[in-house]
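Asker: Structure incoming, see below.
The values are calculated or read from the model by the stated rules, or taken from the named source; none is laboratory data. No experiment lies behind these values; they were computed from the predicted model shown. Please note: Cβ atoms are built from the backbone with ideal geometry, for glycine as well, and neighbour counts cover all protein chains shown. These area figures cover heavy atoms from the full protein model, side chains too; ligands, DNA and RNA do not enter into them. Shrake-Rupley method; radii C 1.70, N 1.55, O 1.52, S 1.80 Å.
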Amino acid sequence: MLNSIDLLLIFLSVAIFITGFVFKAVRWKRGLADNRSDNLYDRVFQGFEKVLSHRDLLKEKKMGFFHLFVFYIFVLAIFLVILFHFPFTLPTLVSNIQSLLLDIVAAIAFVGLIYFYYRRLTEKNKGFDNKREDFVLLICLIMIFLTGFLMEALRLKVFKENLLYAPAGAIFTIFIPSKTELYPLLSQLFWRAHFLLVLGFIAYLPFSKAIHIFLIPASYIFKSSLPKGTYKLYDLDNAEEFGANKISDLNWKDLMDLDTCVRCGRCQENCPAYLTEKPLSPKKVIQDLKTVLYKSDKEKDAPLVNEDITDHVIFSCTTCRACQENCPAGIEHLDKMMEIKRYLVLMEGSISPEAQLLFKNLERNGNPWGMPASTRAEWTKDLNVKFLAELEDPKSIDFLFWPGCAGAFDDRYSKVVKKIVDIFNRAGLNFALLGDEETCCGDPARKLGNEYLYDMLAKQNIETMNNYGVKKIVTSCPHCLNTIKRDYSQIGGNYEVISHSEFLLELIKNGRIELKKRLEGKYAYHDSCYLARYNDVYAEPREIIKKSGYNLTEFERRGIKGFCCGGGGGNMFLEEHTPRMNDTRVKQLLDSSEGKDVNGIATACPFCLTMMIDGTKTYNREDVSVKDIAEIIHEAL
């Protein structure tokens, strides 16, 4: 039974916990207001589904497996504490089964905690920055479990219970002395140690990263409802400041994220910039922002851009989304870095000479290469294509084909879009192009922080397409896909947009085109970040490769853990320092056992195509051909 001192200790522990949590919440309120409570029922359901399933944590199977059991033993412990306050007795069989299951789960959780401790000591390559609190927490939890098992072992000895239903406790009976006169003392010792450790853990929670027990569910519940890759929209005509350079420029969820981060390093492990020795570590950016947050207790306007978070750090990001998709805590890294980019570009004018040239080319000529806008449709010469401006009824077409700037101006990719047009014609499709009326979708400008330029380009395209009554768009560029599909909907451009890989597979399945030739060889597929992580198109390109006859092989880093080619976030048009991401990506294949006899690399993105070709040249492996999915289909017709 609990005495008055025990009740006082419980009160103090809970009071310290609440106080610590309130202090954190007060800090988050320094951020901008942002409504994250729309569709609250769906948010709560999806948030708890992710937490209870451990779906994101289980992407790293070994660590995720043990964490799952640690989590559920705490859920079960809380449930049982509540349950035991009700005056009823379970049937013996049910009680025995419950005891057995609880013992097994607790044993796995205990082993998991020891594994976590061992992992932090040995796996330094994982990016652990081992702080004292990490070991304090783990030791505290290990001792809570240990004292719990010792209490169970003592009970088994005293009451001569069946060891079969408490296998973990049975193991610990070897530590219980045979002298029965010591049992009352040991019972008090184990119970008091267990009780005080639990209270200490509760009190310490809000002052340690263990607060993630509460914050990760909240992070999932209050995540941004904007589609992937879509960012805060500014009122450009009336806004006086853009981007973020102080804590109050970020929203409250951004600030909560800083306390939610457990420094697990998943973002860093999957960041292509970090893995190619760029100054960016998404984990460090979050921790550096947290330092500014806590510094703002004393310095209200402590700048976000400082000696740690520099322009070189922020512009190393390719917006590949690997950090965010692999984060088990629902942290929104990109939103924060995008706001800092916007501040640097729109408020400070801090941008590299290459980016300045890119912006000039986009503004003057509507394409990143600076080619005359009047030459955009020259690639269509000698092709059987229609332009919307030439049609009596532009609404009569089934879809608009959007080749993007790469399709129009990149010599290598123009060969791809010509083959796509030929496939459409062979399938007897009714489609058209904008031709010279098309301009850059604005993706490079927006991802590099130039919201003004993006707005100008996007509104020009939206006005043109809305005037023609465009409803459906097929595009061969994933960057155009995401921008037109998601970003344009923020400013009045609502269209059904589909990637060419998805659309071409539909044509094959519907019998509109037939792959008559059986191609031979072994091809690896490289996931485009904007097609895969942004739009969840993983299976379709792979299915096309298989249907063509090629044997499909895979990069080790693929799917959600795919490695960026280096062309995203506007970086396609900027100079990258070695080691280059595209070279690293190709090396991942060539150095693998799967890559020894590979014939080629398949892509579904113009930037990836260029980057993979350049990578094969770096290693003098031009015998490894690089093809777009459309070229493979065309070859198999």
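Asker: Please determine, by comparing only the residues of segment 356-370 that are within 13 Å of Phe573 (Cβ to Cβ) and in a loop (DSSP other than H, G, I, E, B), which one is most open to solvent (accessible area, probe 1.4 Å).
Answerer: Trp369
Asker: Residues that are within 18 Å of Asp527 (Cβ to Cβ), in contact with a Leu (Cβ under 9 Å, 6 or more places away or on another chain), open to solvent by less than 30 Å² (accessible area, probe 1.4 Å) and charged (D, E, K, R): does segment 552-566 have at least one?
Answerer: No, segment 552-566 contains no residue that is within 18 Å of Asp527 (Cβ to Cβ), in contact with a Leu (Cβ under 9 Å, 6 or more places away or on another chain), open to solvent by less than 30 Å² (accessible area, probe 1.4 Å) and charged (D, E, K, R).
Asker: If you scan segment 23-72, which residues turn out to be hydrophobic (A, V, I, L, M, F, W, C), within 30 Å of Tyr115 (Cβ to Cβ) and touching a residue at least 40 places away in the same chain (Cβ under 8 Å)?
Answerer: Pass one, segment 23-72, residues hydrophobic (A, V, I, L, M, F, W, C): 23, 25-26, 28, 32-33, 40, 44-45, 48, 51-52, 57-58, 63, 65-66, 68-71.
Filter again for within 30 Å of Tyr115 (Cβ to Cβ), leaving 48, 51-52, 57-58, 63, 65-66, 68-71.
Phe48, Val51, Leu57, Met63, Phe65, Phe66, Phe69, Val70, listed by residue number.
Asker: Same structure again: Condition first: part of a loop (DSSP other than H, G, I, E, B) and free of Cβ contacts under 8 Å to residues at least 60 places away in the same chain. Now tell me which residues in segment 374-387 satisfy that. I'd like the intermediate steps shown before the answer.
Answerer: Step one: of segment 374-387, the residues part of a loop (DSSP other than H, G, I, E, B) are 376-377, 381-386.
Hits for segment 374-387 are Ala377, Lys381, Asp382, Leu383, Asn384, Val385, Lys386.
Asker: Looking at Lys485, Lys459, can you tell me which residue is in contact with a helix residue (DSSP H, G or I) (Cβ under 8 Å, 6 or more places away or on another chain), touching a residue at least 12 places away in the same chain (Cβ under 8 Å) and open to solvent by 40 Å² or more (accessible area, probe 1.4 Å)?
Answerer: Details: Lys485 fails: in contact with a helix residue (DSSP H, G or I) (Cβ under 8 Å, 6 or more places away or on another chain).
Only one candidate qualifies: Lys459.
Asker: Sticking with this one: Which residues, counting only those in segment 53-71, are more than 19 Å from Leu141 (Cβ to Cβ) and open to solvent by 80 Å² or more (accessible area, probe 1.4 Å)?
Answerer: In the first step, residues of segment 53-71 are kept if they are more than 19 Å from Leu141 (Cβ to Cβ); the result is 53, 55-56, 58-61.
Within segment 53-71, Arg55, Lys61 qualify.
Asker: Ok, one more. Looking at segment 612-620, can you tell me whether even one residue there is of a type in the set (Asp, Glu) and at pLDDT 95 or above? I'd like the intermediate steps shown before the answer.
Answerer: From segment 612-620, those of a type in the set (Asp, Glu) are 614; that's our starting set.
Okay, now just the ones that are also at pLDDT 95 or above, so 614.
Scanning segment 612-620, I find at least one residue that is of a type in the set (Asp, Glu) and at pLDDT 95 or above, so the answer is yes.
Asker: Which of the residues spanning segment 388-420 are touching a Pro at 6+ places or on another chain (Cβ under 7 Å) and not in a helix (DSSP H, G or I)?
Answerer: Passing the criteria: only Asp410.
Asker: Just to be sure I understand, how many residues within segment 3-48 are open to solvent by 80 Å² or more (accessible area, probe 1.4 Å) and not in a helix (DSSP H, G or I)?
Answerer: 5
Asker: Where the second residue is among the hydrophobic types (A, V, I, L, M, F, W, C) and in a loop (DSSP other than H, G, I, E, B) and the first is in contact (Cβ under 8 Å) with a residue 12 or more places away in the chain and farther than 16 Å from Asp249 by Cβ and lies in segment 293-318, which pairs have Cβ atoms under 7 Å and are six or more apart or on separate chains?
Answerer: Correct list of pairs: Val313/Leu280; Ser316/Leu280; Cys317/Leu280; Thr318/Cys564.
Asker: Right, here's the next one. Which residues, taken from segment 463-472, are in contact (Cβ under 8 Å) with a residue 24 or more places away in the chain and either open to solvent by 10 Å² or more (accessible area, probe 1.4 Å) or among the charged types (D, E, K, R) (or both)?
Answerer: Start the filter on segment 463-472 by keeping residues that are in contact (Cβ under 8 Å) with a residue 24 or more places away in the chain, which leaves 464-466, 468-472.
Of everything in segment 463-472, those that are in contact (Cβ under 8 Å) with a residue 24 or more places away in the chain and either open to solvent by 10 Å² or more (accessible area, probe 1.4 Å) or among the charged types (D, E, K, R) (or both) turn out to be Thr464, Asn466, Tyr468, Gly469, Val470, Lys471, Lys472.
Asker: For segment 479-504, give me the residue count where each residue is outside any loop (DSSP other than H, G, I, E, B) and touching a Lys or Arg at 6+ places or on another chain (Cβ under 8 Å).
Answerer: First, pick out the residues of segment 479-504 that are outside any loop (DSSP other than H, G, I, E, B): 479-491, 496-504.
Narrowing further to those that are touching a Lys or Arg at 6+ places or on another chain (Cβ under 8 Å): 482-483, 486-487, 491, 496-498.
Within segment 479-504, residues that are outside any loop (DSSP other than H, G, I, E, B) and touching a Lys or Arg at 6+ places or on another chain (Cβ under 8 Å) number 8.
Asker: Going through segment 500-547 one residue at a time, which ones are over 18 Å from Met612 (Cβ atoms), open to solvent by less than 10 Å² (accessible area, probe 1.4 Å) and of a type outside the set (A, V, I, L, M)?
Answerer: Within segment 500-547, just Tyr534 meets the criteria.
Asker: Follow-up question, since we're still on this one. Hey, among Pro279, Pro353, Pro328, which residue is surrounded by fewer than 21 Cβ atoms within 10 Å (Cβ to Cβ), under 27 Å from Asp527 (Cα atoms) and not hydroxyl-bearing (Ser, Thr, Tyr)? Can you show your working first?
Answerer: Values: Pro353 fails: under 27 Å from Asp527 (Cα atoms); Pro328 fails: surrounded by fewer than 21 Cβ atoms within 10 Å (Cβ to Cβ).
The conditions single out Pro279.
Asker: Then there is this: Within segment 222-258, can you find the residues that are aliphatic (A, V, I, L, M) and either touching a strand residue (DSSP E or B) at 6+ places or on another chain (Cβ under 9 Å) or in a loop (DSSP other than H, G, I, E, B) (or both)? Write out each step before concluding.
Answerer: Applying the first criterion (aliphatic (A, V, I, L, M)) to segment 222-258 yields 226, 233, 236, 239, 244, 247, 250, 255-256, 258.
Leu226, Leu233, Leu236, Ala239, Ala244, Leu250 - these are the residues of segment 222-258 that are aliphatic (A, V, I, L, M) and either touching a strand residue (DSSP E or B) at 6+ places or on another chain (Cβ under 9 Å) or in a loop (DSSP other than H, G, I, E, B) (or both).
Asker: Looking only at segment 612-635, filter to residues that are of a type outside the set (Lys, Arg), outside any loop (DSSP other than H, G, I, E, B) and in contact with an Asp or Glu (Cβ under 9 Å, 6 or more places away or on another chain); which one of those is nearest to Tyr274 (Cα to Cα)? Working first, answer last.
Answerer: Within segment 612-635, the subset of a type outside the set (Lys, Arg) is 612-616, 618-620, 622-626, 628-635.
Among the residues that remain, those that are also outside any loop (DSSP other than H, G, I, E, B) are: 612-616, 618, 625-626, 628-635.
Subset that is in contact with an Asp or Glu (Cβ under 9 Å, 6 or more places away or on another chain): 613-616, 618, 629, 634.
Details: Ile613: 23, Asp614: 21, Gly615: 19, Thr616: 22, Thr618: 21, Ile629: 29, His634: 38 Å.
That would be Gly615.
Asker: Quick one: would you say Ser53 is under 24 Å from the mean Cα position of the chain (by Cα) and of a type in the set (S, T, N, Q)?
Answerer: On the way: under 24 Å from the mean Cα position of the chain (by Cα): yes; of a type in the set (S, T, N, Q): yes.
Yes; evaluated as a whole, the condition is true for this residue.
Asker: What is the one condition in (1) within 19 Å of Ser281 (Cβ to Cβ); (2) of a type in the set (A, V, I, L, M, F, W, C); (3) open to solvent by less than 10 Å² (accessible area, probe 1.4 Å) that Ala302 does not satisfy?
Answerer: Unmet for Ala302, out of (1) within 19 Å of Ser281 (Cβ to Cβ); (2) of a type in the set (A, V, I, L, M, F, W, C); (3) open to solvent by less than 10 Å² (accessible area, probe 1.4 Å): (1).
Asker: Another question about this same structure. Out of Thr439, Thr464, I need the residue that is in a loop (DSSP other than H, G, I, E, B) and under 30 Å from Tyr234 (Cα atoms). Which one? Full working, then the answer.
Answerer: Numbers: Thr464 fails: in a loop (DSSP other than H, G, I, E, B).
Going through Thr439, Thr464 in turn, the sole match is Thr439.
Asker: Confirm whether Leu215 is buried (at least 18 other Cβ atoms within 10 Å of the Cβ), under 22 Å from Val285 (Cα atoms) and in contact with a helix residue (DSSP H, G or I) (Cβ under 8 Å, 6 or more places away or on another chain).
Answerer: Values: buried (at least 18 other Cβ atoms within 10 Å of the Cβ): yes; under 22 Å from Val285 (Cα atoms): yes; in contact with a helix residue (DSSP H, G or I) (Cβ under 8 Å, 6 or more places away or on another chain): yes.
Here the answer is yes, as Leu215 does meet what is asked.
Asker: If you go through segment 83-101 one residue at a time, do you hit one that is at pLDDT 80 or above, under 30 Å from Cys267 (Cα atoms), out of contact with any His (no Cβ under 9 Å at 6 or more places or on another chain) and outside any loop (DSSP other than H, G, I, E, B)?
Answerer: No, segment 83-101 contains no residue that is at pLDDT 80 or above, under 30 Å from Cys267 (Cα atoms), out of contact with any His (no Cβ under 9 Å at 6 or more places or on another chain) and outside any loop (DSSP other than H, G, I, E, B).
Asker: Please work out if Met338 is of a type in the set (A, V, I, L, M), open to solvent by 10 Å² or more (accessible area, probe 1.4 Å), on the phi < 0 side of the Ramachandran plot and at pLDDT 95 or above. Let's see the steps before the verdict.
Answerer: On the way: of a type in the set (A, V, I, L, M): yes; open to solvent by 10 Å² or more (accessible area, probe 1.4 Å): no; on the phi < 0 side of the Ramachandran plot: yes; at pLDDT 95 or above: yes.
Answer is no for this residue.
Asker: Let me ask you something else. Quick one: how many residues across segment 584-600 are in contact with a helix residue (DSSP H, G or I) (Cβ under 8 Å, 6 or more places away or on another chain) and small (Gly, Ala, Ser)? Walk me through it before giving the result.
Answerer: Initial filter on segment 584-600 (in contact with a helix residue (DSSP H, G or I) (Cβ under 8 Å, 6 or more places away or on another chain)): 584-587, 595, 598.
From what's left, small (Gly, Ala, Ser): 595.
Summing the residues that are in contact with a helix residue (DSSP H, G or I) (Cβ under 8 Å, 6 or more places away or on another chain) and small (Gly, Ala, Ser) in segment 584-600 gives 1.
Asker: Moving on to the next point. Every residue in segment 234-276 that is surrounded by fewer than 22 Cβ atoms within 10 Å (Cβ to Cβ) and free of Cβ contacts under 8 Å to residues at least 40 places away in the same chain, please.
Answerer: Asp235, Asp237, Asn238, Ala239, Glu240
Asker: Quick one: how many residues across segment 145-203 are over 21 Å from Val70 (Cα atoms), in a helix (DSSP H, G or I) and among the polar types (S, T, N, Q)?
Answerer: Residues in segment 145-203 being over 21 Å from Val70 (Cα atoms), in a helix (DSSP H, G or I) and among the polar types (S, T, N, Q): 4 in total.
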